[in-house]
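Undergrad: The following block contains the structure, expressed as structure tokens.
The values are calculated or read from the model by the stated rules, or taken from the named source; none is laboratory data. Given the structure is predicted, the values throughout are model-derived calculations rather than measurements. Here Cβ is always computed from backbone atoms with ideal geometry, including for glycine, and neighbour counts include all displayed protein chains. Surface accessibility is based on the protein's heavy atoms, side chains included, excluding ligands, DNA and RNA. Shrake-Rupley method; radii C 1.70, N 1.55, O 1.52, S 1.80 Å.
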Amino acid sequence: MDKTSEILELLKQLNDKVDKLAAGALFVPEKSVLFFDWLSEWLEIVHRPNVSDSTFEKDRGLLVNHVFGKSQYNKPLASFKLADLNALIASITFPRQKQIASNLVTAALRVAYGNDLMSKDITVNFKKPSHDYSPDRALTHIEERRLLRLLHGFFLETYLKVLLYAGLRRNEALGLMRKDIDFEHDELHVERQVTLKNELTSKLKTKGSRRVVKLFPALRAELLQFEWCAPDVRLFDFNPYYVTHRFSSFCAVNDFASLSLKSLRATFATRCKEFGIPDVIIQSWLGHTSVATTKKHYIKVNPEYVDIEFRKALEKL
């Protein structure tokens, strides 16, 4: 081989390595690695650094409950076929869990292929399962008034009002401390959240999650009960799963159909829109990186909103 051919071959090898790095090849374990061992390795080394602690715990729990227990699929990666992938995902009962599991497993398999642990990228021909997503709805004005009446005296009343009047995510509200409330400037500072293990972390969901939300009068009045608390005292020392469960039970008992904690967040966004607050400000208060997310998933068009806008148009006419 002459010098030119040798250089071209070296360049080709370098390009191959660059392509594999782009595919996620961060290290090369032994060739005989089993599928579950690889999935665990990928989860810790590749997935964990790129998601929040709460998302990581949720994803890991899903794999433990719906994937790792099925030993018939724990084959060497070199012999793991498309048929195995299809059968594994099909064995998961619930549509939402099936969809998330397929996203995690296929991402791990693509990295495995990038590390030369598989001779073929079987994810190319894999058809991901569809899931009919039911978006969280916003409360109507009548429903909101009824909810507030029923919440009076309920032990989660103040916590739920933080979601309803400030649009915080479930785990962000659980991470609030007294020092995060600025009564002088009517501001609520979102600096941390809790993990699914109810541990505080400063790692939030998105870059825009660390933010300042203005305090509306109703919420300010509600939070005054914490005015003389120590700065580092958590306002709500509850486990995330616990508040979800208790709110679901509350809704079932009081006949609030298809209502979730996210519905309170969507109600906040919708009310802000009805008040005439610009979308970009609503986006910043919700902690979204894109205003499109705010408009598509959180601002709802309730009949009352249509009537309000119609009356505004009539006044102008």
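Undergrad: First compute the accessible area of the chain with a 1.4 Å probe, then give the percent of it belonging to carbon and sulfur atoms.
TA: Here carbon and sulfur together make up 56 percent of the probe-accessible area.
Undergrad: Report, in degrees rounded to the nearest 10, the 0 to 90 angle that the Cα long axis of helix 95-114 makes with the longest principal axis of the chain.
TA: Tilt relative to the chain: about 40 degrees.
Undergrad: Build a GNM of the chain with springs between Cα atoms under 10 Å: which of 162, 194, 64 gets the top mean-square fluctuation?
TA: The residue that fluctuates most here is 64.
Undergrad: Further question on the same structure: Helix 141-151: angle to the longest alpha-carbon principal axis of the chain, degrees 0 to 90, nearest 10?
TA: Roughly 90 degrees between the two axes.
Undergrad: Can I ask one more? Express the accessible area of the chain per residue in Å², computed with a 1.4 Å probe while the remaining protein chains stay in the model.
TA: 54
Undergrad: List the GluC sites (Glu not before Pro) in the stretch 151-240 that DSSP assigns to loop (not H, G, I, E or B) and whose Cβ has at most 14 other Cβ atoms within 10 Å. Which are they?
TA: Hits after loop and neighbour filter: 184, 199, 227.
Undergrad: While we're looking at this one, here's another question. Top mean-square fluctuation among 136, 53, 255, Gaussian network model of the chain, C-alpha springs under 10 Å?
TA: 255
Undergrad: Once the Cα atoms of helix 240-253 and of the chain are each reduced to a long axis, what angle between those two axes, in degrees from 0 to 90 to the nearest 10, is obtained?
TA: Relative to the chain, helix 240-253 is tipped by roughly 50 degrees.
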